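As structure tokens, the structure follows; a few thoughts come after it.
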Amino acid sequence: MRNILQDLEKLADKKYKKFTSGLLPGVNYILGVRVPKIRTYAKTFTFEEAQNFYKNYKTKYFEEYFLKAVLLARISKQIPPENAIKLIQKFIPEISNWSVCDAFCADLKIIKKYPEIFLPFILKNLKSKQEFTQRTSLNLARAYYLESPYFKQILKAVLNLKPTKYYAQMAQAWFMCEAYIKQQELTKPTLKYLTPEVYAMTIRKLKDSYRVK
């Protein structure tokens, strides 16, 4: 296997490291590599190298986790969806910050191709008590199910979730804001079921959105 840490260190920027540290409270190991550079580096991996990295590489730095997320999303596109779900489920507990979480969810476009197959996986994770498992499932619900025939089912599961941690609360508010914009008739009556914290976040997001009159 190539020396991945050495490659990432060559791409690092000390000034950007300080900036990134401010955005990721609680993340202790940061090299300072800009996200576009990590994505460009990920493109140099063959499918076999990506698989090898995911299975065998021990990650420590934020950039390594980010690379792992990007490569896993890429692997998932090239294997049966049932196998992809197993790999994704195994990776989710490793997610410990919003940046890796959000990038990973945005890259999992395989779900758009197989929404019915991934639906039980999303619903299962919406019952989690873990902050970033909650955020991951909420992000995936928002990204791939707002305009699907499964929206009512997803909305019900989202409303049953009562997150107490900030990053999960914000993800729920983000989901509800987007749901309100795209499915207002179904979503508006349900806002009252949100916790006071998430309700306030949702209203603030709606007020800030140029898509809401």
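The values are calculated or read from the model by the stated rules, or taken from the named source; none is laboratory data. As the structure is a prediction and not an experimental result, all values here were calculated from the model. So basically every Cβ, Gly included, is an ideal-geometry build from the backbone, and we count neighbours across all protein chains shown.
Quick notes
- Condition met for residue 198 (under 18 Å from residue 124 (Cβ atoms) and either in a helix (DSSP H, G or I) or not assigned by TED's automatic domain parsing to the domain that holds residue 132 (or both)): no
- Taken together, the residues in segment 130-159 that are more than 16 Å from the chain's Cα centre (by Cα) and either part of a helix (DSSP H, G or I) or basic (Lys, Arg) (or both) amount to 8.
- Members of segment 165-202 that are of a type in the set (S, T, N, Q) and touching a residue at least 12 places away in the same chain (Cβ under 8 Å): 169, 172, 183, 187, 190, 195, 202
- Pairs, first over 12 Å from residue 63 (Cα atoms) in segment 1-18, second in a helix (DSSP H, G or I) and of a type in the set (Phe, Trp, Tyr), C-beta under 8 Å, six or more apart: 1/53
Yes or no, residue by residue, for (1) of a type in the set (D, E, K, R); (2) touching a helix residue (DSSP H, G or I) at 6+ places or on another chain (Cβ under 7 Å):
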residue	(1), (2)
8	no, yes
11	no, yes
24	no, yes
34	yes, yes
45	no, yes
48	yes, no
52	no, no
63	yes, yes
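- If the condition is being under 20 Å from residue 70 (Cα atoms) and either in contact with a strand residue (DSSP E or B) (Cβ under 9 Å, 6 or more places away or on another chain) or outside any helix (DSSP H, G or I) (or both), then segment 108-129 contributes 108, 109, 114.
- Tallying residues that are within 21 Å of residue 166 (Cβ to Cβ) and either part of a loop (DSSP other than H, G, I, E, B) or of a type in the set (D, E, K, R) (or both) within segment 12-39 yields 6.
- Residue 82 being among the acidic types (Asp, Glu), surrounded by fewer than 15 Cβ atoms within 10 Å (Cβ to Cβ) and either part of a helix (DSSP H, G or I) or in contact with a strand residue (DSSP E or B) (Cβ under 9 Å, 6 or more places away or on another chain) (or both): yes
- Odd one out for residue 69 among (1) small (Gly, Ala, Ser); (2) buried (at least 19 other Cβ atoms within 10 Å of the Cβ); (3) not in a helix (DSSP H, G or I): (3)
Per-residue answers, yes or no, for (1) modelled with pLDDT of 95 or more; (2) under 23 Å from residue 92 (Cα atoms); (3) of a type in the set (Ser, Thr, Tyr); (4) surrounded by fewer than 22 Cβ atoms within 10 Å (Cβ to Cβ):
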| residue | (1), (2), (3), (4) |
| --- | --- |
| 123 | yes, yes, no, yes |
| 134 | yes, yes, no, no |
| 154 | yes, yes, no, no |
| 162 | yes, yes, no, yes |
| 166 | yes, yes, yes, yes |
| 171 | yes, yes, no, no |
| 189 | yes, no, no, yes |
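- When each of 59, 44 is tested for being among the β-branched types (Val, Ile, Thr), more than 30 Å from residue 116 (Cα to Cα), modelled with pLDDT of 95 or more and not in a helix (DSSP H, G or I), the lone residue that passes is 44.
- Selection of segment 19-34 for residues being within 18 Å of residue 60 (Cα to Cα) and out of contact with any Ser or Thr (no Cβ under 8 Å at 6 or more places or on another chain) yields 20, 21, 25, 28, 29, 31, 33, 34.
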